[in-house]
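The values are calculated or read from the model by the stated rules, or taken from the named source; none is laboratory data. A quick note: this is a predicted structure, and the numbers were derived from the prediction, not measured. Here the Cβ is made from the backbone with ideal geometry for all residues, glycine too, and neighbour counts use every protein chain on show.
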């Protein structure tokens, strides 16, 4: 009840849509500046989404269609929010027709979301949503936000990535700036690529070269960095964020060495990692989720907010969370860099670009460039259509639609009901776009047949939002109930013993990505990072 | 507050110790017969212990002395309730002197605990407290009550133990009664032992033959059963309980086949397993813990009791839980079977005995035999002293004391404070036994130096209890907060879809071991099983 009364106050544009924008902004800003009020409203907002459905454990996973000890305990399988669909698959539209719904005709820009936001979203979610490439029912992650992007997925790999002294991650300096080490050993120009012996076993070499880097021009492969995840060099976004977080790790480790000169490498490293994971969580809640949120309110990472809550249960990423996060439509066809137009295809497999321009410039310029708008008919061609050089590989969107089908998800309206939003009665409720209504009707016949993955991207939403109601609710539910349950945030753990006093101060003072960029920059005053394009 | 008012009412003997026993029994019995009252009091009792200390996650494990991502997430290491001791180890008494404290001088019987209780305790705890034999900082279990005693510790092993049809576990009939299959293939008398090819890889053959079965007479080895755990044939207790639960599994599976003739093997098996795990949980809470409990009250497995509670957090067994459960003093020197005296050493490695007498007889006779009393100076010699045939192997109690030392636990009084009981001021507070006070004082000098593992066994307790205050509190805390969090008990899972209607009825009707024995017996009226000797 309190939620229903308070939240609309924070989203006045939804109700007073005709008022000029600054007025409600100021109101939310004022409440947000009173610490007690900010904390209270943050708690209410978090719980609104966290309690949108019954808490975990959920009875089913992709391991099978009935409840078993495996479905209740084997977290190598993706969870699922709802039981599988009982509708006959032959009555669904052809996969290619569904993929076609995503193909961009005319690019639609976002209202105020930056390309940096899209970079962050990809980099962030790659750490816990990692579909197993041999068995897509499985998720290779540990379901925790653990910064495996820079630390690797297990202790053995973490050790490869460490310097071995003073708690540092291994690094090199290029033009006076710090970067991860290169993954491949030096070679004759055009020669075969082998891992630097130090990184032997960090990733599967065959898979990396033949699949992930298949379209990467050969001369760019020498600058692939040794980082935690196989996809860590796939886009400029992944690369700049890996470099940035490596620098912040080493910056903090060097401060801890000064404070605790007698500590061994392991303790310095582990304590720095504790701090780093919480820094990431702060940015995720206070900047990233705040930007996604349907109201302009500075949500706070309220200390111990999960402590008393019934939704504080063992994390287990659902297949729906994995799928709904595929915001390919955020990617514009082109962007502007150094006043020149650049195809966004150039953002892929391009570490030389980052080494050449430096991460500060890349982050600053892409923080001022708009992403495009999340929704149907707005995914760039290079993610919908197959690469002309590799026609046997399904495109990104083809793989996604196929996975959605394999998971046999219940329809869009079933999820609306499950998440307390009520079923829609007609295609006109879903979208005001008459042409799209007709296409959808010709594909599905009835609004109750619309597939969940299509519906969440078809749903209209007002200018000031980033996505429709169901997607907002589901992403917020899964994010809050799995980020805020991080063991580092628990009452017995979140303290100076875990972080040191210095570390706790760094945590307390950090609220946005810009701060991390600035303190690792040679020109802190010019550093700029933002998820919002003003 | 409610707890403090209500619980003493249920333990009237503590306050009205001089009244004859039946009177308070009747009072507790009456409250226990009013369903609403029983449920309320059970909930209060469970929460009293569950909230005795702050909930998980705990910051440390045996992985290291400071908080790290590993200590927060790597559950292969045993957890720990308190940080390591800072006392210099050289000031502690010699390990042999501590072991000597446990050696029985004159056998002290328990008040009313049966030997069947001791069997059950060993069999039950072997499933989640399994110290890794190569790295004692680790626990090989998944921290869940999963009936791995009969199902094995992973899916691969489970499949070996299954019949492959109708949801059954593999079994054989001997003299018309059902038993697990034998682990070893038939051999020439005295010949070398090899696993039946079906069970290849179920256990480590070298370890089983050279370590676990090292003292087992050769002719008894042919009747080792193929069961889930390596120690599953080590005592008559383990064997009879494995046989009993296998029979109950197959009995239920056969009922489900009748009800759901179209179901495949997997679904029948998994559904039966779901039911079986909850049957075990019911017996554990309603019979076993009720018997341990400090008040004579029929605690109920209240549906969804953990649902709203802050202690409902991911399970993680602590090293203290592992150690405090070593109730070796429950074992008398001898027992009576078929009116003849029998050394309890004969309870070890003796499947032929079970095959010969049948499990009904064994369970019934050992349910009428008293265990001995938990405490110092009451462990039988064969668990304190080394086996004369294998002098290089430390005894059971030697290994325990050594593990306690390796874990560097804080003293007894530190744990009393942590669990809200307050420190004791003197050795006289610990025990009225003046000789023991003197021995303890000569070993430790000060009550504050007494080691935790020694203190919990030294503590006096009244006749109607089974153990001292600190051990009761710690075992109840760890048991309730890790048994009642079982995913099968969660609101979204505990229903007819998970168990079937038939299965749910079996669950609802089962409250004690005797019922399971009776319904699997050829003479149900004569079946008898009890944790209490009247």
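If you scan the range A:396-424, which residues turn out to be in contact with a helix residue (DSSP H, G or I) (Cβ under 7 Å, 6 or more places away or on another chain) and farther than 30 Å from residue A:211 by Cβ?
Residues satisfying the conditions are A:410, A:411, A:412, A:413, A:415, A:416, A:419, A:421, A:422, A:423, A:424.
Which pairs do you get when a residue that is at pLDDT 95 or above, found in the range B:202-224, comes within reach of a residue that is buried (at least 16 other Cβ atoms within 10 Å of the Cβ) and part of a helix (DSSP H, G or I), reach meaning Cβ atoms under 7 angstrom, with the pair 6+ apart or on two chains?
These pairs meet every condition: B:202/B:157; B:202/B:160; B:213/B:221; B:220/B:351; B:223/B:351; B:223/B:355; B:224/B:351.
When you look at residue B:198, is it out of contact with any strand residue (DSSP E or B) (no Cβ under 9 Å at 6 or more places or on another chain), more than 14 Å from chain A (Cβ to nearest Cβ), closer than 26 Å to residue B:484 by Cα and touching a residue at least 24 places away in the same chain (Cβ under 8 Å), yes or no?
The answer is no for residue B:198.
Assess whether residue B:186 counts as being more than 14 Å from chain A (Cβ to nearest Cβ) and surrounded by fewer than 13 Cβ atoms within 10 Å (Cβ to Cβ). Spell out how you get there, then give the answer.
Numbers: more than 14 Å from chain A (Cβ to nearest Cβ): yes; surrounded by fewer than 13 Cβ atoms within 10 Å (Cβ to Cβ): yes.
Yes: the conditions hold for residue B:186.
It is to be established whether one or more residues within the range B:349-359 are under 25 Å from residue B:62 (Cβ atoms) and loosely packed, with under 14 Cβ neighbours inside 10 Å.
No.
The conditions are (1) touching a strand residue (DSSP E or B) at 6+ places or on another chain (Cβ under 9 Å); (2) crowded, with 17+ Cβ neighbours inside 10 Å; (3) over 20 Å from residue A:117 (Cβ atoms), and residue A:381 fails exactly one of them. Which is it?
Looking at each condition in turn, residue A:381 falls short on (2).
Among B:40, B:72, which is within 12 Å of chain A (Cβ to nearest Cβ) and part of a helix (DSSP H, G or I)?
Values: B:40 fails: within 12 Å of chain A (Cβ to nearest Cβ).
After ruling out the rest, the residue left standing is B:72.
Just the residues that are free of Cβ contacts under 8 Å to residues at least 24 places away in the same chain and either more than 30 Å from residue B:82 (Cα to Cα) or within 23 Å of the chain's Cα centre (by Cα) (or both), please, taken from the range B:360-418.
At the first step, the residues of the range B:360-418 found to be free of Cβ contacts under 8 Å to residues at least 24 places away in the same chain are B:361, B:386, B:388, B:391-392, B:394, B:399, B:417.
If the condition is that a residue be free of Cβ contacts under 8 Å to residues at least 24 places away in the same chain and either more than 30 Å from residue B:82 (Cα to Cα) or within 23 Å of the chain's Cα centre (by Cα) (or both), then B:361, B:386, B:388, B:391, B:392, B:394, B:399 are the ones that fit.
So, of the residues in the range A:211-269 that are within 14 Å of another protein chain (Cβ to nearest Cβ) and not in a helix (DSSP H, G or I), which turns out to be surrounded by the fewest Cβ atoms within 10 Å (Cβ to Cβ)?
Across the range A:211-269, the extreme among qualifying residues is A:262.
I need a count of the residues in the range B:400-413 that are closer than 26 Å to residue B:130 by Cα and assigned to a helix (DSSP H, G or I).
Adding up the residues that qualify gives 8.
Tell me, please, whether a residue that is touching a strand residue (DSSP E or B) at 6+ places or on another chain (Cβ under 6 Å) and touching a residue at least 40 places away in the same chain (Cβ under 8 Å) can be found in the range B:137-149.
Yes; the residues of the range B:137-149 include at least one that is touching a strand residue (DSSP E or B) at 6+ places or on another chain (Cβ under 6 Å) and touching a residue at least 40 places away in the same chain (Cβ under 8 Å).
Only one residue in A:289, A:299 is away from every other protein chain (no Cβ under 14 Å) and part of a helix (DSSP H, G or I), so which one is that?
Values: A:299 fails: part of a helix (DSSP H, G or I).
Testing whether each residue is away from every other protein chain (no Cβ under 14 Å) and part of a helix (DSSP H, G or I) leaves just A:289.
Looking only at the range B:135-171, count every residue that is surrounded by 19 or more Cβ atoms within 10 Å (Cβ to Cβ) and out of contact with any helix residue (DSSP H, G or I) (no Cβ under 9 Å at 6 or more places or on another chain) and tell me the total.
2
Search the range B:488-506 for residues being without any contact (Cβ under 8 Å) to a residue 40 or more places away in the chain and within 10 Å of chain A (Cβ to nearest Cβ), and hand back the single one that is surrounded by the most Cβ atoms within 10 Å (Cβ to Cβ).
B:493
Tell me yes or no: at least one residue of the range A:110-119 is surrounded by fewer than 20 Cβ atoms within 10 Å (Cβ to Cβ) and away from every other protein chain (no Cβ under 14 Å). Explain how you work it out, then say what you get.
Let us first name the residues in the range A:110-119 that are surrounded by fewer than 20 Cβ atoms within 10 Å (Cβ to Cβ), namely A:111-112.
Those left that are additionally away from every other protein chain (no Cβ under 14 Å): A:111-112.
So far as the range A:110-119 goes, yes, one or more of its residues are surrounded by fewer than 20 Cβ atoms within 10 Å (Cβ to Cβ) and away from every other protein chain (no Cβ under 14 Å).
Go through (1) away from chain A (no Cβ under 14 Å); (2) buried (at least 21 other Cβ atoms within 10 Å of the Cβ) for residue B:85 and report which single condition fails.
Residue B:85 satisfies all of (1) away from chain A (no Cβ under 14 Å); (2) buried (at least 21 other Cβ atoms within 10 Å of the Cβ) except (2).
Identify, please: which residue in the range B:302-331 is within 14 Å of chain A (Cβ to nearest Cβ) and in contact with a strand residue (DSSP E or B) (Cβ under 7 Å, 6 or more places away or on another chain) and is, among those, surrounded by the fewest Cβ atoms within 10 Å (Cβ to Cβ)?
B:316
For every residue, the table says whether it meets (1) more than 25 Å from residue B:56 (Cα to Cα); (2) out of contact with any helix residue (DSSP H, G or I) (no Cβ under 9 Å at 6 or more places or on another chain); (3) modelled with pLDDT under 95.
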| position | (1), (2), (3) |
| --- | --- |
| B:295 | yes, no, yes |
| B:298 | yes, no, yes |
| B:302 | no, no, yes |
| B:306 | no, no, no |
| B:312 | no, no, no |
| B:316 | no, no, no |
| B:323 | no, no, no |
| B:330 | yes, no, no |
| B:333 | yes, no, no |
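May I ask you to say which residue of B:283, B:275 is out of contact with any strand residue (DSSP E or B) (no Cβ under 7 Å at 6 or more places or on another chain), modelled with pLDDT of 95 or more, under 29 Å from residue B:212 (Cβ atoms) and in a helix (DSSP H, G or I)?
B:283
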